[in-house]
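Everything on this sheet refers to the single structure shown next.
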């Protein structure tokens, strides 16, 4: 049984240390494939607070272990960030940030280094209070999530770097328990034409003009997509258009259209591709090409680990034993029932659960709607509470003796 009062007192003692660690991480730029310096900073902090083992894998993720028990659990935070965008939108330096009225304002504070700060200091609490229970706990700072959701975990799981029974995803949930989200995939479409000098466009076939009715069909498709009450409706959007003209004075020979497809619960990769192909047909384009691109950029350690840009959704049943253990953890720590919901955006859970079948649950500090904005921020109180949840979870999980047998491997057929 957790002494929740003692845990809260000890977490409060780490408030300033955790907040300072987060601010320090946020001061280090680290977009996808450029995370090396922040990975080293996290490794240093793990060593400082007393982790039992710390390593950086060949792909570039940092992993810290506490305990050596029967049940292997992992806690995930991606530590890459998006760029700052237009600096004029920021009212303060996005890396130096600011601290005001108990809130840290900086790029990466909510998405997603706040989760990293809270889990590292939860590790300190686990060590200090002896809360390992019968668990081996891996704290993972995952890279490259912003570029390719879950690629770090695809590497970790398929290459057997660790073999967790479950994973806690610390993406921002406003301290609620999240049990899934829609999937995501990227789709590319190529429409060809015939290049010519722009001074005589009638000599060629402009692929941009050919693409216009197709784009209108995509807009109609978005309006028609359905969904469910829990995960929400599917969406599709044109996010980039690229032509291959040799100069500004030439009609291009082809145009490439990039689509972002958010997948409702019933959608599959095949069904999403078929929908886009049908849009081409309705637009009168018989020679268009449709495909899912493959991500193969080298990580900051120079490792290339190709991954198709298909990130399936996932959703645990409300009766899943991981959901129940998480609810019990929350109630034991905060003496009230948690809110149980889902993310709108996607997370590393696409690979952890959607592709690899390892059950995941979400609990993180910060709010999802702050992600990628020039007003991104993190309430320090959220860090303190997240510390408590992560520190208490191994005991609750061990007391339950892990998951029920039927829940140990995720199946989309089990979601509700």
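Below, the figures for the structure above:
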| item | result |
| --- | --- |
| The stretch 55-82 residues that are at negative phi, paired with ones that are at pLDDT below 95 (beta carbon under 7 Å, 6 or more apart) | 82/372 |
| Residue under evaluation residue 222, criteria (1) in contact with a strand residue (DSSP E or B) (Cβ under 6 Å, 6 or more places away or on another chain); (2) within 24 Å of residue 344 (Cα to Cα); (3) touching a residue at least 40 places away in the same chain (Cβ under 8 Å), criterion not met | (3) |
| Filtered residues of the stretch 4-34 (kept if over 15 Å from residue 96 (Cβ atoms) and free of Cβ contacts under 8 Å to residues at least 40 places away in the same chain) | 5, 9, 13, 16 |
| Restricting the stretch 95-110 to residues that are surrounded by 21 or more Cβ atoms within 10 Å (Cβ to Cβ) and in contact with a helix residue (DSSP H, G or I) (Cβ under 7 Å, 6 or more places away or on another chain), the residue that is farthest from residue 83 (Cα to Cα) | 104 |
| Of residues in the stretch 76-101 being over 19 Å from residue 30 (Cα atoms) and assigned to a loop (DSSP other than H, G, I, E, B), the one nearest to the chain's Cα centre (by Cα) | 91 |
| Exclusive hit being part of a helix (DSSP H, G or I) and in contact with a strand residue (DSSP E or B) (Cβ under 9 Å, 6 or more places away or on another chain), set 54, 73, 42, 104 | 42 |
| In the stretch 12-39, the residues that are touching a strand residue (DSSP E or B) at 6+ places or on another chain (Cβ under 7 Å) and under 11 Å from residue 121 (Cα atoms) | 19, 22 |
| Failed item, numbered, when residue 305 is tested on (1) surrounded by 16 or more Cβ atoms within 10 Å (Cβ to Cβ); (2) assigned to a loop (DSSP other than H, G, I, E, B); (3) out of contact with any helix residue (DSSP H, G or I) (no Cβ under 9 Å at 6 or more places or on another chain) | (3) |
| Unique match (being crowded, with 24+ Cβ neighbours inside 10 Å and either touching a residue at least 40 places away in the same chain (Cβ under 8 Å) or closer than 21 Å to residue 64 by Cβ (or both)) among 187, 126 | 126 |
| The stretch 330-352: number of residues that are touching a helix residue (DSSP H, G or I) at 6+ places or on another chain (Cβ under 8 Å) and not in a loop (DSSP other than H, G, I, E, B) | 7 |
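This table checks each residue for (1) surrounded by fewer than 18 Cβ atoms within 10 Å (Cβ to Cβ); (2) in the same structural domain as residue 285 (by TED's automatic domain parsing); (3) in contact with a helix residue (DSSP H, G or I) (Cβ under 7 Å, 6 or more places away or on another chain); (4) under 20 Å from residue 339 (Cα atoms).
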| site | (1), (2), (3), (4) |
| --- | --- |
| 167 | no, no, yes, yes |
| 175 | no, no, yes, yes |
| 199 | yes, yes, no, no |
| 203 | yes, yes, no, no |
| 210 | no, yes, no, no |
| 213 | yes, yes, no, no |
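The values are calculated or read from the model by the stated rules, or taken from the named source; none is laboratory data. Quick caveat: nothing in here was measured; it's all calculated off a predicted structure. Using ideal geometry, Cβ is built from the backbone for each residue, glycine included, and neighbour counts are taken over all protein chains shown.
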